[in-house]
Amino acid sequence: MRHSKTDIRTAYHEAGHCIISLLLNVPVVSVGIEKKTSRNGYPYIQKKGWIHHGRGVTARLENCILILLAGPTAEGMCPCGIGRAGDFYLSSREDMTQVYATVDEVGFTGAARGRYMRQCRSRVETGLRYHWKQVEALANALLIRKRLTGKQAWKIIEEAGIE
């Protein structure tokens, strides 16, 4: 089955969030690239990725930054050839807006903010490269199934050989 570039990018984006969340021991309840909702009483499919961590789940601010960066980073690394610059500045503005707001919450400004962002991006890129086989397996599962529970995602990741 052929998938649009948008669906592929979204699948890698959400797979990135999910992998880094699980590696940081932040539980994932569900992840998907499509959500069934209704508008005016009619079924409607929303084509936007999402990840749900569940009620009451908290994470350190730095982990939140890493998880938020993971989506744009994985999307930038995906095989459909969009590259990093297009990713960070076009398709993932919402995530990046949240990243910068969270970095501001931590209290970094100016050059320190830039250094911290580079360190966080480097950590995420390293983690995703190391677990790229799992990112691909999860992205492919999302393209096929559209939605996964956290348990299903973890099983796919384990079968792909997480270390």
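The values are calculated or read from the model by the stated rules, or taken from the named source; none is laboratory data. Keep in mind the model is a prediction, meaning the values are calculated, not measured. A quick note on method: Cβ atoms are made from the backbone with ideal geometry, for glycine too, and the neighbour counts reach across all protein chains shown.
Which pairs have Cβ atoms under 8 Å, sit 6 or more apart or on different chains, and link a residue in region 114-127 that is closer than 18 Å to residue 101 by Cβ and without any contact (Cβ under 8 Å) to a residue 60 or more places away in the chain to one that is surrounded by fewer than 17 Cβ atoms within 10 Å (Cβ to Cβ) and of a type outside the set (Asp, Glu)?
Short answer, once both residue conditions are applied: 116/106; 116/108.
Among the listed residues 145, 123, 129, identify the single one that is over 20 Å from residue 72 (Cα atoms), surrounded by 11 or more Cβ atoms within 10 Å (Cβ to Cβ) and of a type in the set (Lys, Arg).
145
Within region 1-26, can you find the residues that are among the charged types (D, E, K, R) and either closer than 12 Å to residue 154 by Cα or surrounded by fewer than 24 Cβ atoms within 10 Å (Cβ to Cβ) (or both)?
Correct list: 2, 5, 7.
Determine whether residue 39 is at pLDDT below 60 and in contact with a helix residue (DSSP H, G or I) (Cβ under 6 Å, 6 or more places away or on another chain).
Answer is no for this residue.
List every residue pair whose Cβ atoms sit under 7 Å apart, with the two residues 6 or more apart in sequence or on different chains, where the first one lies in region 96-107 and is touching a residue at least 12 places away in the same chain (Cβ under 8 Å) and the second, anywhere, is among the hydroxyl-bearing types (Ser, Thr, Tyr).
Here the result reads 103/116, each pair linking region 96-107 to a residue that is among the hydroxyl-bearing types (Ser, Thr, Tyr).
Could you check how many residues of region 55-98 are part of a loop (DSSP other than H, G, I, E, B) and either surrounded by fewer than 16 Cβ atoms within 10 Å (Cβ to Cβ) or modelled with pLDDT under 80 (or both)?
11
Restricting region 99-120 to residues that are modelled with pLDDT under 85 and among the polar types (S, T, N, Q), which is surrounded by the fewest Cβ atoms within 10 Å (Cβ to Cβ)?
Restricting to residues being modelled with pLDDT under 85 and among the polar types (S, T, N, Q), the top hit is 109.
Being charged (D, E, K, R) and not in a helix (DSSP H, G or I) is the filter here, so list the residues in region 121-163 that pass it.
146, 147, 163 - these are the residues of region 121-163 that are charged (D, E, K, R) and not in a helix (DSSP H, G or I).
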